[in-house]
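As structure tokens, the structure follows; a few thoughts come after it.
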Amino acid sequence: MGNYYSDVEGGKQAVGGVQQSPTATNNNNAGHNDAVEFFYRSRGLHQRFARVELSLSAINLRDRDIISKSDPMAVVYAKNIDGKLEELGRTEVILNSLNPTWIEKVTVAFQFEIVQPLVFHVYDVDTKFHNIPLKTLKLKDQDFLGEATCVLSEVLTKQNRSLTLNLRSKIGHVGLRNLGVLTIHAEETVALRRVVEMMLHCSYLDNKDIFSKSDPFLRISRIMESGGSIPICKTEVVNNNLNPKWKPLCLSVQQFGSKDNPLIIECFDFNSSGKHSLIGKLQKSVADLEKLQEGRSGENLTITSHHGHKKVLKGELFVDQFCEKEQYSFLDYVSCGFELNFLDYVSCGFELNFMVAVDFTASNGNPQNPDSLHYIDPSGQLNSYQKAIMEVGEVIQFYDSDRRYPAWGFGGKTFDGTISHCFNLNGSAGSFEVEGVEGNMSAYASALHNVTLAGPTLFGQVIKTAAQIASQYVSYNSKKYFILLIITDGVLTDLQETKDALVKASDLPLSILIVGVRGADFGQMEVLDADKGQRLESSTDRVATRDIVQFVPM
Amino acid sequence: MFSMASSTLEITVISGEDIRNNRKPVKKNAFAVIRTDSQPLCRTEMDKDGGSYPYWNEKHNVEIPQHARFITVEVQCKTSAGDKTLGMARIPVSDFVGGFVPQSYLHFLSYRLRNSNGERNGIINVSVKAKVPEYAASSCSSTATTIGVPFGKTSCYGGVVPGVPVGVPIMKQYYQG
């Protein structure tokens, strides 16, 4: 009921720490990879985890070499329920040191709901093995320097996330000698996504339409080892144009794999029947596209005729811009600004809950118009609102137990003709919930048909409603933390109204992520973000307890 | 729910920020006084070395009349001419009573201080909790499993701000001593 403790340790003990009874979930995925993640997600199973990197160092290792010091390497294992050890990773070998600080980190998936015992072994690697790839080193051929064990959550819940353990001999061997200590430091990996952003255009495309010109779009596919190809990306459709220039295209490393992987780029003429005519194609890797941009040259499209002849077409593809960057994951947006790592909430057993509010003001443009920020592209290209809902929602969904969450619109005129600054996106009078990101997307699409864009841009109502929900859950004794995503293109009409609502909400378990799409007045939003240290003040002289807003331009 | 004509509050006067004496930084010995319109409630010790950023972190239990609508916090310092009020803020009782949070919610509140000329003079940070009497508390089951949101690790005093419970995450500079 809101009873608090005067120190962090005491508070944590009251919760019972992170340990929960081991569930039947098997622990084999401790060495996590994207394929596993996809597997679980595509089957609707919610694998709740965060990626953690372990850095290791040791002091006072035993000296096994006669002439020089030991050359230590550490190996990290997960201990399965049946007691078997499964290797998660190993560090590099450091030459000639009894106090190594290894650089190579071992990545572990921290799963909130299960106990994850870890075992660390330190070896002295014999000189004759020094030029062999690490992975192939046979451990039984090396000299064993010591073992340590702990549970992953122990490391994470320590103040500076570092745990120091005494190394000891393997169980069964009697050894009282001091074998030194091992320090394990854990950090959540910043889930950086490497992306490549390109601007492409084509010239001299063939005309596939009879009464007008082609409506070209590009589809990029990745060639699989099996020989088939999977589409990874599509541009928007440019109408009636044989020299189309598309909006910037973004590909993530997850999508194309490596820059040298061959990609098939196909240019189609859009047909509303869905049977698009192929204008031409070419095969290029991301590295090749980068060269095209540097050389400022084009590459001809080709088409294979019925007889199997490959014909070189007049149409050419050009890469006008090519830029590699790193995009942060949503987790960083939430955690920075509070000087708290996302794991802090989660390691105390908090459940994250998502809420979304979408801007329905007229400045977005008529949704029927392809230039509108609310345009739903039949070719499947997502608009900015859909992208924001998807990117943020997909991550939060993981941590939200039932996937149902509130979704609102603001600034639109609803069916009864009145303008609302907080209406249920699903159009229902009673419930504000949507089910999962898909439910959210379809509620959004149908709201675009039923709601007229209006204005002004005001956040106060949505913030108050979100704050009300957050306060109600405080009284239910539940550990829920709420994240409100506001997607807007706008300039706030009443900045003070928003500040007042934010100040009032500032000591609740609520964070607000404002995503600004094209056109938003970022200056105003930066004031609300308060990253420069200016605490928000209400019109009644109350000051925000904390900075709960994070602003991210899309 | 409350006794006769008054309510009990647990107020922690935490700290002040950027408080000046005639535009010059305060050297030392600032203290805070809390009162209702009609009567004084409590005062803190003087912070001997805090200067313009005094840190008291003192918890006081006070009784306020049920009809009170504001409590007032004043930051004062000792001068040769007596106690001088550097800044004052009025805390509406509605900021910690009512609303959707439970009665015993620990509210962290901050307010703009203004001097006798009405000019801005720093910020005061407090926490307030309404004390619910025992017979009412049993129905609220304030069990040990409740916890607020954890702290930032970089908070002052090595990670724990004494007296500021595991509550809402706070930015360290607000509660620094």
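The values are calculated or read from the model by the stated rules, or taken from the named source; none is laboratory data. From a predicted model like this one, the values you see are computed outputs, not experimental measurements. Quick reminder, even Gly has a Cβ in these numbers, built from the backbone with ideal geometry, and neighbours come from all protein chains shown. For accessibility, only protein heavy atoms count, side chains too; no ligands or nucleic acids. Shrake-Rupley method; radii C 1.70, N 1.55, O 1.52, S 1.80 Å.
Miscellaneous remarks
- Count of the range A:329-358 residues which are at pLDDT below 90 and in contact with a strand residue (DSSP E or B) (Cβ under 8 Å, 6 or more places away or on another chain): 18
- In the range A:309-321, the qualifying residues are those that are out of contact with any helix residue (DSSP H, G or I) (no Cβ under 8 Å at 6 or more places or on another chain) and open to solvent by less than 50 Å² (accessible area, probe 1.4 Å), and the one that is nearest to A:Lys247 (Cα to Cα) is A:Glu316.
- Verdict on A:Ile279 being open to solvent by less than 50 Å² (accessible area, probe 1.4 Å) and within 22 Å of A:Glu324 (Cα to Cα): no
- Selection status of A:Ala505, out of contact with any Asp or Glu (no Cβ under 9 Å at 6 or more places or on another chain), at pLDDT 85 or above, away from chain B (no Cβ under 11 Å) and within 20 Å of A:Thr457 (Cα to Cα): no
- Restricting the range A:99-111 to residues that are surrounded by fewer than 19 Cβ atoms within 10 Å (Cβ to Cβ) and not β-branched (Val, Ile, Thr), the residue that is modelled with the highest pLDDT: A:Asn99
- Among residues of the range A:218-252, those that are modelled with pLDDT of 90 or more and assigned to a strand (DSSP E or B), counted: 2
- If you go through the range A:525-554 and pick out every residue that is modelled with pLDDT under 80, in a strand (DSSP E or B) and over 20 Å from A:Val491 (Cβ atoms), you end up with 0.
- Residues satisfying the stated conditions in the range A:256-273, i.e. part of a loop (DSSP other than H, G, I, E, B) and either closer than 16 Å to A:Ile223 by Cα or modelled with pLDDT of 90 or more (or both): A:Gly257, A:Ser258, A:Lys259, A:Asp260, A:Asn261
- Only residues that are open to solvent by 80 Å² or more (accessible area, probe 1.4 Å) and either free of Cβ contacts under 8 Å to residues at least 40 places away in the same chain or within 23 Å of B:Ala5 (Cα to Cα) (or both) were counted in the range B:55-80, giving 7.
- Output for the range A:224-235, where each listed residue is touching a residue at least 60 places away in the same chain (Cβ under 8 Å) and open to solvent by 40 Å² or more (accessible area, probe 1.4 Å): A:Lys234
- Tally, over the range A:285-326, of residues that are assigned to a strand (DSSP E or B) and either touching a residue at least 24 places away in the same chain (Cβ under 8 Å) or among the acidic types (Asp, Glu) (or both): 19
- Close pairs from the range B:90-105: first on the phi > 0 side of the Ramachandran plot, partner open to solvent by less than 20 Å² (accessible area, probe 1.4 Å) and among the hydroxyl-bearing types (Ser, Thr, Tyr), Cβ under 9 Å, at least 6 apart: B:Gly99/A:Ser471; B:Gly99/B:Tyr105
- Test: B:Leu113 is modelled with pLDDT of 95 or more and open to solvent by less than 10 Å² (accessible area, probe 1.4 Å): yes
- For the range B:85-101, the criterion of a residue being away from chain A (no Cβ under 14 Å) and more than 24 Å from A:Gln534 (Cα to Cα) is satisfied by at least one position.
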